[in-house]
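Enquirer: Questions regarding the structure given below will be posed in turn.
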Amino acid sequence: MRAPVVGGSGGVYALCSAHLANVVMNWAGMRCPYKLLRMILALVCMSSEVGRAVWLRFSPPLPSSGPQPSFMAHLSGAVVGISMGLLILRSYEESLQKQCSWWVIVFSFITFLLFAIFWNIFAYELLGVQIPPPP
């Protein structure tokens with residue numbers, strides 16, 4: 001709760017992970033000769049960025065550095081991207097509305113979204129934590 005979360009890293013990781021899930025699911029149908037290289041490069045970039053965020057979060061802070069960054073947005077975006085990529089971008093030929101699992105996942109994401117909104121509204125009062133002052 002005290003780590004700053006700024007920017008669109010969760011959304012970026014969701015889009016990249018959804019693309020990787022789409023590539024894996026439709027591997028045989030894609031005609032790109034460098035798809036393995038592109039996939040490995042994307043995985044290396046994403047993993048190094050998450051590793052850097054985890055390192056900065058848990059390493060001892062330098063005397064002049066500010067608050068340590070949060071890495072949960074990266075991981076949450078990757079989880080959302082993989083799950084949505086596997087369900088929504090499942091195959092080029094399938095109809096999405098006929099799948100029961102599609103509706104279950106959409107319902108669960110709406111539930112988690114509402115939980116996250118209400119948690120951010122009421123968490124400080126429930127846990128008895130003071131809102132940190134702006135820097």
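Enquirer: With the requirement that a residue be over 9 Å from LEU89 (Cα atoms) and open to solvent by 30 Å² or more (accessible area, probe 1.4 Å), what does the range 20-34 give you?
Expert: Passing the criteria: VAL24, TRP27, ALA28, GLY29, MET30, ARG31, CYS32, PRO33, TYR34.
Enquirer: Then there is this: Name the residues in the range 55-100 that are within 24 Å of VAL23 (Cα to Cα), in a helix (DSSP H, G or I), open to solvent by 70 Å² or more (accessible area, probe 1.4 Å) and modelled with pLDDT under 75, would you?
Expert: Correct list: GLN97, LYS98, CYS100.
Enquirer: For the range 23-54, give me the residue count where each residue is free of Cβ contacts under 8 Å to residues at least 60 places away in the same chain and touching a Lys or Arg at 6+ places or on another chain (Cβ under 8 Å).
Expert: From the range 23-54, those free of Cβ contacts under 8 Å to residues at least 60 places away in the same chain are 23-24, 27-28, 30-54; that's our starting set.
Okay, now just the ones that are also touching a Lys or Arg at 6+ places or on another chain (Cβ under 8 Å), so 23, 27, 32.
Residues flagged as free of Cβ contacts under 8 Å to residues at least 60 places away in the same chain and touching a Lys or Arg at 6+ places or on another chain (Cβ under 8 Å) within the range 23-54 amount to 3.
The values are calculated or read from the model by the stated rules, or taken from the named source; none is laboratory data. This structure is a prediction, so every number in the text was calculated from the model and none was measured. Methodologically, a virtual Cβ is constructed for each residue, glycine included, from the backbone with ideal geometry; neighbour enumeration extends over all protein chains shown. Remember, those area values only see protein heavy atoms, side chains included, never the ligands or the DNA or RNA. Shrake-Rupley method; radii C 1.70, N 1.55, O 1.52, S 1.80 Å.
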